[in-house]
Structure formats: C-alpha cells, structure tokens
Amino acid sequence: MPELLHTLHVDLASVAADRSYPIQIGRGLITDASIWQPLVEGRGVILVTDDQVGPLYGEAVKAALAGAGQLTEVVLPAGESHKDMTFIQQILDAALAERHERGSLFVALGGGVVGDMTGFAAACFLRGADFVQVPTTLLAQVDSSVGGKTGVNHAMGKNLIGAFHQPQQVVIDLDTLATLPAREYAAGLAEIIKYGLIRDAEFFAWLIDNAEALKSRDAAALAFAIERSCAIKAAVVAADEREGGVRAHLNFGHTFGHAIERIQGYGDWLHGEAVAAGMVLASRLSVLRGTLDPQVVDRLTAFNQSVGLPVSLPADVTAQAMLDAMGSDKKVSGGKVRYIVLSQLGEAVVAENVTDDDIARVIDA
Ligand SMILES: NC(=O)c1ccc[n+]([C@@H]2O[C@H](COP(=O)([O-])OP(=O)(O)OC[C@H]3O[C@@H](n4cnc5c(N)ncnc54)[C@H](O)[C@@H]3O)[C@@H](O)[C@H]2O)c1
C-alpha cells in the first residue's frame, strides 16, 4: 500500500503565485494512482528515464500513468558522461515526433542526471512545458530535484548550459533507494549532512547519532533525514531562487569538491564523495578563521568514516593543484574564489579575504 509520509512546499509565491509546488515523500508513491491521476489526467506524458532505472521502475510508473493521454518513453544511457545536448535533442525529437503539445507533461524518473536533463528539455520544449521530478537516487531526492536548476554539461565544463525551470511537483519514493548502489547512497548522505552544517545544528547532531541507522537504510531514519533536507533546501530556494545570495550557502564544501572532480577529470570519485572531503576542508577553514569549534571537524570526519565517505583529498592531489583548479571554477566571481564557511555550526556565510596561504594550511593540516 502506498504511504504518503510528508508533503512540503517550495514557496515561490513572492516570485509568482503559480510557481509554488509540493514535494511529496513516502513509500510506494511511484505506483500510487492518486498521486499521478491529478497530474496526468487527459494530457500527454513524456516519461524520461535511463537504462538502469527504466528496467527497475519504468513499467510500474507506466502502469500508474494509465489515466494519461499519449505516453512517450525516452530511455537515455545512464551516467554523467551522457549529460549533454545530444540527449536533449533526443528527448525533444521524441516529443515532437509524437506530436506532443505544450500541455504535455515531462516526467523525470531517475537520478540527478535524468532530472537535470528532463527539466532542461521541458524548459525548451515549445518555450516551456511542465515537468515532474521522480528522483531515485538519495542525492537527487535531497538536492537536485528541488530548486529548479536544470541543464547539461559542455566540453568547457559541468552544467554550463541550462535554465532555471521549476517542476510542478516532486515525488520522492523512499522504496526506490533499495536498489541504489552503496557508493551512490553514501554520496547522498554527504549532501544531507551539509544541510545540518549550514542550517541546523540539531539536525547535524541527530545525523551523527543516527549514522548507523542511515547507513543501513532504516526507513524511519531516512524519511526524517530526507524530509528535513528537503525542507531546508526548499526554504533556501524560496529565499533566493536564482542564487543571488543565500542559495550560495548550498555550495558549502563544493568549491573544494569541484576542484577535486576537475583534477581527477570527473568520474573517479562521485560528486558527493568529493563534496564530503570538501566539507571537511571547508570546516577546517572555518576553524582556522576562528569561528568554528574544532570538535565539529572531528564529528564530521567520524560521520564520513562511518558511512563510507572520504575525509581527505586523494593522495596525489596537492594544495597547489587545488588552488589552480579552484581558480578556474565557474563560481569564481570578480576574479575571486568564493568560499562558504561556517560562522558557527548550523550557520553558513560567504567568506571574505581567504588567502592562498589559508587554503594551503587547511589542506596540509
Ligand atoms: N539541479 C541541481 O540543483 C543539482 C544539484 C546537485 C547535483 N545535480 C546534478 O545531479 C547529477 C548527479 O546525480 P546523481 O548522483 O543522482 O547521479 P545519476 O543520475 O548519474 O545516478 C547515479 C547512478 O545511479 C543509477 N540509479 C539511479 N537511481 C537508481 C536506483 N534507484 N537504483 C539503482 N540505480 C539507480 C543511475 O542510473 C546512475 O547510473 C549531476 O549531473 C549533478 O550535476 C544537480
């Protein structure tokens, strides 16, 4: 029996009343006709998935979409290396060939790659069609499916082409996590602990205390952690949809993390793994600046170790390589690298005046 556990709202009413949308969290939701019926009744659906998630959940979702009009399925090759314009073209070609109209609904069934690409295709299709996110990785459930950033990679860098396009709804089915490989799962936990670090000290403490339950994918622990993470992300996005201010706090650990990914040429460590090590460095930077209790670094390190996440840089990566890579991050603004630090546990700020020497000290510590 499907079980709806939480419904949250991303409140973008200050931007436009019709831009707010629900995030539904529960078990068995992907097959719950009462969720799908109001969304798809009488309209065409373009279901986009990948060749790993499709065979697992595609048929069940298609069965639940019975009330829809014309149904088109697009199955993309899985993985970050296929997140490019070629496959946006493939999605759009399929939608146009089957004569979908602007009223048709795009449904993204998969991880962040499928979600980002489907959202971008929906933003482009006939100048903007609706889409629903059905995230199936932990990272996508707590991060990429919420907030409306969509897009693809370019040879010049990650996520350089895209649009802000908010979904109509986010449907998070905890049961889909049962099939997620362990490393992908742990990568999602890195984004979850980030929310505690930047916004909620109590949640951070709860995560530390419940690391074992989370590692074993305990349903109640997961439901709470996902709900709390989505609530924090929704609040940040509502306050700053287009990253003019506080949304940058979500990049805590990411300046270091992106540099690790860039040095490795992407595809060695997962994004969440690089962010996990990056958050340890960003926390150490906060300690160096005198704003954070060093115990937080110890607790974060212990959490990472217990759930199987890295706590330091890959052995062959030097401080100089990190500095060079961070200088070419797309988030460099006005020639300055923007570091997010903690002014205390649960509170993030953009750091001013971080020197290369500070970074070298943090990395070599
Ligand atoms: N839009 C945003 O705000 C935002 C935020 C963070 C990350 N992202 C993007 O998200 C992407 C990473 O997302 P991801 O970590 O979900 O990676 P992913 O989409 O590549 O999924 C990881 C792998 O897990 C497989 N998979 C997915 N769900 C599964 C399941 N339930 N069972 C078994 N296998 C499953 C996928 O087929 C894939 O092989 C990156 O492209 C990143 O840029 C976007």
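The values are calculated or read from the model by the stated rules, or taken from the named source; none is laboratory data. Being a predicted model, the structure only gives us computed values, none of them experimental. Every residue, glycine as well, gets a Cβ built from its backbone with ideal geometry; the counts of neighbours run over all protein chains shown. Note: accessible area is taken over every heavy atom of the protein model, side chains too, but ligands, DNA and RNA are not part of it. Shrake-Rupley method; radii C 1.70, N 1.55, O 1.52, S 1.80 Å.
Return yes or no: is Met85 in contact (Cβ under 8 Å) with a residue 40 or more places away in the chain, within 15 Å of the ligand (Cβ to nearest atom) and open to solvent by 10 Å² or more (accessible area, probe 1.4 Å)?
It is true that Met85 is in contact (Cβ under 8 Å) with a residue 40 or more places away in the chain, within 15 Å of the ligand (Cβ to nearest atom) and open to solvent by 10 Å² or more (accessible area, probe 1.4 Å).
Can you tell me how many residues within segment 126-155 are basic (Lys, Arg) and either outside the structural domain of Glu73 (by TED's automatic domain parsing) or near the ligand (Cβ under 10 Å from one of its atoms) (or both)?
Of the residues in segment 126-155, 1 are basic (Lys, Arg) and either outside the structural domain of Glu73 (by TED's automatic domain parsing) or near the ligand (Cβ under 10 Å from one of its atoms) (or both).
Quick one: what pairs do we get from segment 165-176, first residue open to solvent by 20 Å² or more (accessible area, probe 1.4 Å), second aromatic (Phe, Trp, Tyr), C-beta under 6 Å, 6+ apart or different chains?
Every condition considered, the pairs that remain are Gln168/Tyr21; Gln169/Tyr21.
Output the number of the condition that Gly119 fails; it satisfies all remaining conditions of (1) part of a strand (DSSP E or B); (2) closer than 23 Å to Lys158 by Cα; (3) touching a Phe, Trp or Tyr at 6+ places or on another chain (Cβ under 9 Å).
Checking Gly119 against (1) part of a strand (DSSP E or B); (2) closer than 23 Å to Lys158 by Cα; (3) touching a Phe, Trp or Tyr at 6+ places or on another chain (Cβ under 9 Å), the one that fails is (1).
Over 21 Å from Val113 (Cβ atoms) and open to solvent by 50 Å² or more (accessible area, probe 1.4 Å): which single residue out of Ala277, Ala248, Ala315 fits that description?
The match here is Ala315.
Considering only residues that are of a type in the set (A, V, I, L, M, F, W, C) and either away from the ligand (no atom under 12 Å from the Cβ) or open to solvent by 10 Å² or more (accessible area, probe 1.4 Å) (or both), which ones fall in segment 109-120?
Val113, Phe120
Residues of segment 62-81 being open to solvent by less than 50 Å² (accessible area, probe 1.4 Å) and at pLDDT below 90, which ones?
Gly67
Of everything in segment 88-133, what is polar (S, T, N, Q) and touching a residue at least 40 places away in the same chain (Cβ under 8 Å)? Give them in sequence order.
Ser104, Thr118
Please state which one of Ala95, Ala123 is under 19 Å from the mean Cα position of the chain (by Cα), open to solvent by less than 30 Å² (accessible area, probe 1.4 Å) and either within 8 Å of the ligand (Cβ to nearest atom) or farther than 18 Å from Val10 by Cα (or both).
Residue meeting the stated conditions: Ala123.
With (1) touching a His at 6+ places or on another chain (Cβ under 8 Å); (2) surrounded by fewer than 24 Cβ atoms within 10 Å (Cβ to Cβ); (3) under 18 Å from Phe87 (Cβ atoms) as the list, and Val152 as the residue in question, which single condition is left unmet?
(1)
Considering segment 260-269 alone, what residues qualify as being open to solvent by 40 Å² or more (accessible area, probe 1.4 Å) and touching a residue at least 24 places away in the same chain (Cβ under 8 Å)?
Correct list: Arg262, Ile263, Gln264, Tyr266, Gly267, Asp268, Trp269.
Looking at Leu189, Leu197 in this structure, which one is out of contact with any Asp or Glu (no Cβ under 6 Å at 6 or more places or on another chain), away from the ligand (no atom under 11 Å from the Cβ) and closer than 18 Å to Ala234 by Cβ?
Leu197
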